[in-house]
Amino acid sequence: MKLSGTPVLRTEHLTLRRFTVDDAPAMFLGWASDFQVTKYLLWPTHQCVEESRNILKKWVREYARNDSLRWAIERDASLVGSIAVVEMDKPLDEVRLGFCVGRAWWNHGIATEAVLSVMSFLFDDVGANRVEASCDSRNLAARSVLEKSGMRLEGLLRSAHYDNFGRCDRCIYARLADN
């Protein structure tokens, strides 16, 4: 894979850009402090803006690495969510995506548009062969986004995932470059 860091990506409705530490208040208020957003995620709901600021400091430092691929999702100049490559298997040219959109922007096609944009970048520019994502089997919204993005359900791993609800079943979705 040809890794050169996190570029700005633009779609019809979105701008995907690098986070800055100054995004902490918008991240905290927009999604990180909302249990309805984080209930199916692996990281706990943030209790204060300083938690969001600390994670953003880490992410901003990681941008120095060419294999750091993490975007802030903007719509109409508002920060509405995040999408990132959360795991990478370089010998297999495989990446795993994770994404999150604030509740105020649910059901507007934002997550699907962001996933499609990042997948296109990963296949066309990075040279990924496989893009994968997984989610709690009860997270019907995430499953819908992945299906609308052209990913196929490859399997259900029983009791193989852990999120803010505890142990759960994990759905594995993927799309190949030659799909």
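Only the coordinates and a few stated rules stand behind these numbers; no lab work does. Please read all numbers here as calculations on a predicted model, not as lab measurements. No Cβ is skipped: glycine too gets one built from the backbone with ideal geometry, and neighbour counts run over all protein chains shown.
At a threshold of 8 angstrom on Cα-Cα distance, excluding pairs fewer than six apart, so keeping six or more, what relative contact order does the range 94-179 reach in percent? The partial results should precede the final answer.
Details: 122 pairs, mean separation 25.8, N = 86.
Reported as a whole number, the value is 30 percent.
Starting from the 7 Å offset along Cα-to-Cβ, what nm value, one decimal, do you get for the label separation of V49 and L3?
Placing both labels 7 Å beyond Cα along the Cβ direction yields 3.3 nm.
Can you list the residues, at least 5 places off or on another chain, whose amide H is less than 5 Å from the amide H of A128, using H built in the peptide plane?
The answer is F123.
Identify which of S159, S52, S68 has the largest mean-square fluctuation in a Gaussian network model of the chain, with springs joining Cα atoms closer than 10 Å.
S159
For the range 1-75, run through the trypsin sites (Lys or Arg not before Pro) and keep only the ones in DSSP coil with at most 11 other Cβ atoms within 10 Å of their Cβ. Please list the in-between numbers first.
Details: sites: K2, R10, R17, R18, K39, R53, K57, K58, R61, R65, R70, R75; in loops: K2, R18, K39, R65.
Answer in residue order: K2, R65.
Once you sort the root eigenvalues of the Cα gyration tensor of the range 90-179 as a ≥ b ≥ c, which label holds: rounded (a/c under 1.5), prolate (a/b larger than b/c) or oblate (the other case)? Spell out each step's value before the answer.
Details: a/c = 2.04, a/b = 1.23, b/c = 1.67.
Since a/c reaches 1.5 but b/c is at least a/b, the shape of the range 90-179 is classed as oblate.
Extension gain V21-K39, at 0.36 nm per residue separation less the Cα-Cα distance, in nm?
Answer, rounded to one decimal: 4.1 nm.
Taking θ as phi - 60°, what are the ³J(HN,Hα) couplings along the range 89-95 by the Karplus curve (6.51, -1.76, 1.60), each to the nearest whole Hz, with x for Gly and Pro?
Running phi through 6.51 cos²θ - 1.76 cosθ + 1.60 with θ = phi - 60° gives 10, 4, x, 8, 6, 10, 10 Hz.
Tell me the label-point distance for the pair T11, N107, using the 7 Å Cα-to-Cβ offset, in nm and rounded to one decimal.
A separation of 1.9 nm, rounded to one decimal place.
Please give the calculated 222 nm ellipticity per residue for the chain, where each DSSP H segment of at least 4 residues contributes -39500 (n - 2.57) and the sum is spread over every residue; nearest 500 deg cm²/dmol?
Values: 5 runs with 43 residues, N = 179.
-6500 deg cm²/dmol, from helical runs alone.
Could you work out the relative contact order of the chain? I mean the mean sequence separation of Cα pairs under 8 Å and 6+ apart, divided by the number of residues, in percent.
Details: 341 pairs, mean separation 38.3, N = 179.
Relative contact order of the chain: 21 percent.
How about K39: which lysines have a C-alpha closer than 26 Å to its C-alpha, ignoring those fewer than 8 places off in the same chain?
Counting by Cα, and skipping residues close in sequence, K39 has these lysines nearby: K57, K58, K148.
Give, as ranges by residue number, the residues of the range 109-130 whose backbone N falls under 15 Å from the point 7 Å along Cα→Cβ of A177.
Counting only backbone N, you get 119-130.
Please label the shape of the range 13-73 as rounded, prolate or oblate, based on the square roots a ≥ b ≥ c of the eigenvalues of the alpha-carbon gyration tensor (a/c under 1.5 means rounded; beyond that, a/b larger than b/c means prolate, else oblate).
Details: a/c = 1.67, a/b = 1.47, b/c = 1.14.
Verdict is prolate for the range 13-73.
Using +1 on the beta carbon of Lys and Arg, -1 on that of Asp and Glu, and nothing else charged, what's the dipole of the chain about the Cα centre, debye to 20? Show your work: numbers first, answer last.
Numbers: 24 positive and 24 negative charges, 51 e Å.
Using Cβ point charges on Lys, Arg, Asp and Glu, the chain gives about 240 debye.
From the backbone phi of the range 102-111, what are the Karplus-calculated ³J(HN,Hα) couplings (6.51 cos²θ - 1.76 cosθ + 1.60, θ = phi - 60°) in whole Hz, Gly and Pro given as x?
For the range 102-111, the Karplus-derived couplings read x, 4, 4, 10, 5, 6, 10, x, 5, 4 Hz, x marking Gly and Pro.
Going by the alpha-carbon gyration tensor, a ≥ b ≥ c the square roots of its eigenvalues, is the chain rounded (a/c under 1.5) or, if a/c is not under 1.5, prolate (a/b greater than b/c) versus oblate? The partial results should precede the final answer.
Details: a/c = 1.44, a/b = 1.09, b/c = 1.31.
Rounded.
Mind checking which aspartates and glutamates have their C-alpha under 14 Å from K2, skipping anything on the same chain fewer than 8 residues away?
Excluding near neighbours in sequence, the set is D67, D89, D93, E94, D124, D125.
Antiparallel as a % of all DSSP beta bridges within the range 21-179, to the nearest 5? Before the final figure, lay out the partial values.
Numbers: 29 of 33 bridges.
Of those bridges, close to 90 percent are antiparallel.
Measure off 7 Å from each Cα along the Cα-to-Cβ vector at S78 and D169, then give the distance between these two points in nanometres to one decimal.
Using points 7 Å along Cα→Cβ, the separation is 3.5 nm.
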